[in-house]
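Worksheet for the structure shown next.
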Amino acid sequence: MNFVVLQFPASNCDQDAVHVLRNVLGHSARLLWHKEHSLGDAEAVIVPGGFSFGDYLRTGAIARFSPVMHAVQGFAANGGLVLGICNGFQILCEAGLLPGALVRNRSLQFRCEPVFLKTATADSPFTNRIPEGKLLRLPIAHGEGCYFAEDQTLAGLRAGNQVLWRYVNAQGEATPGSNPNGSLENIAGICNQARNVAGLMPHPERASEPILGCADGRLVFESMIQALESRPGGKTT
Amino acid sequence: MKAKIVVTPKKAVVDPQGKTVQNALTQMGYTGIGAVHVGKYLEVELAGMEVEAARRQIDDACHRILSNPVIEDYRFEIE
């Protein structure tokens, strides 16, 4: 599959994402500078983590107006798979591709630690390979990952089965203690109504190989690959 | 001409910065301190347009980029 990983000034997880897709999973992945206007032959887009434009104004607020995001809007509207990780999640929310917003962690701390995630549904191109009941252990590294949405938006997310991951403890329970940033309903990741755009604060690309301590993150990328390969027109690489 | 813009967190959004400042003020002995809200202040210098045009443009910019309507309110004056 052909993945494109966007690159904004001060993206810093872009190379990790390319490494996992290319060297760990054996797919084609290339970096694309934010000033580009076309996604070319991309079959899926990763909006990576980092501190695009120094997080000035608000996280993701300036990146979302980069030329490449216009192409991402069109790509998403046509059903293309888009995954935003950490700052990428913030950018997708700012762009209106995902509902809600990410605000300052309730503790005011920058949290950098492994967390457990429970996958709320396997019914998405980002979770279809995650075995039921399996907890993912992934690292987080953010100061502004507190998911906020108005009541009506939250109700819509629940009704549409759009919450993909929640922060949980080692027993799989979504408790206040297992919520690292104060996110409403322990939400760690969501998808849009059409289920082709998703975002999460934890970093699957930093935990996709045993040498890094955990390979649970692979399941997210493998889910995307499975979704792409099972589409009409099928496997292209 | 200049636009003076104030962006504040919406009341429904938890504002841990405001809460922390409120606690600090109370601990310092200031009395009667209620909720504190920490926002942003921006000044945008403008040239070559009528006040009404400036107002329309700044309002549009506030809505699209300078604030996030999901979590923030804004107000501004042109002078």
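Throughout, read-outs are computed from the coordinates displayed, never taken from laboratory work. This one's a predicted model, so the numbers in the text were calculated from it and none came from an experiment. So basically every Cβ, Gly included, is an ideal-geometry build from the backbone, and we count neighbours across all protein chains shown.
Among the residues of the range A:111-129, at least one is in contact (Cβ under 8 Å) with a residue 24 or more places away in the chain, over 18 Å from B:Ile71 (Cβ atoms) and within 14 Å of chain B (Cβ to nearest Cβ). For the range A:102-124, residues that are closer than 17 Å to A:Leu154 by Cα and surrounded by fewer than 24 Cβ atoms within 10 Å (Cβ to Cβ) total 2. Within the range A:146-190, the set of residues being in contact with a Phe, Trp or Tyr (Cβ under 6 Å, 6 or more places away or on another chain) and of a type in the set (Val, Ile, Thr) comprises A:Val168, A:Ile187.
Criterion applied to A:Ala174, A:Ala215, A:Ala155 was being over 18 Å from the mean Cα position of the chain (by Cα) and without any contact (Cβ under 8 Å) to a residue 24 or more places away in the chain, and the one residue passing it is A:Ala155.
Would you confirm, using the coordinates I've provided, whether A:Leu164 is free of Cβ contacts under 8 Å to residues at least 60 places away in the same chain, surrounded by 15 or more Cβ atoms within 10 Å (Cβ to Cβ), within 14 Å of chain B (Cβ to nearest Cβ) and in contact with a strand residue (DSSP E or B) (Cβ under 9 Å, 6 or more places away or on another chain)? Against the criterion (free of Cβ contacts under 8 Å to residues at least 60 places away in the same chain, surrounded by 15 or more Cβ atoms within 10 Å (Cβ to Cβ), within 14 Å of chain B (Cβ to nearest Cβ) and in contact with a strand residue (DSSP E or B) (Cβ under 9 Å, 6 or more places away or on another chain)), A:Leu164 does not qualify.
If you go through the range A:179-208 and keep only what is more than 21 Å from A:Val45 (Cα to Cα) and touching a residue at least 40 places away in the same chain (Cβ under 8 Å), you end up with A:Pro180, A:Asn181, A:Gly182, A:Ile187.
Which residue is farthest from A:Ile225 (Cα to Cα), if the candidates are limited to the range A:1-38 and must be surrounded by fewer than 20 Cβ atoms within 10 Å (Cβ to Cβ) and of a type in the set (A, V, I, L, M, F, W, C)? Restricting to residues being surrounded by fewer than 20 Cβ atoms within 10 Å (Cβ to Cβ) and of a type in the set (A, V, I, L, M, F, W, C), the top hit is A:Ala10.
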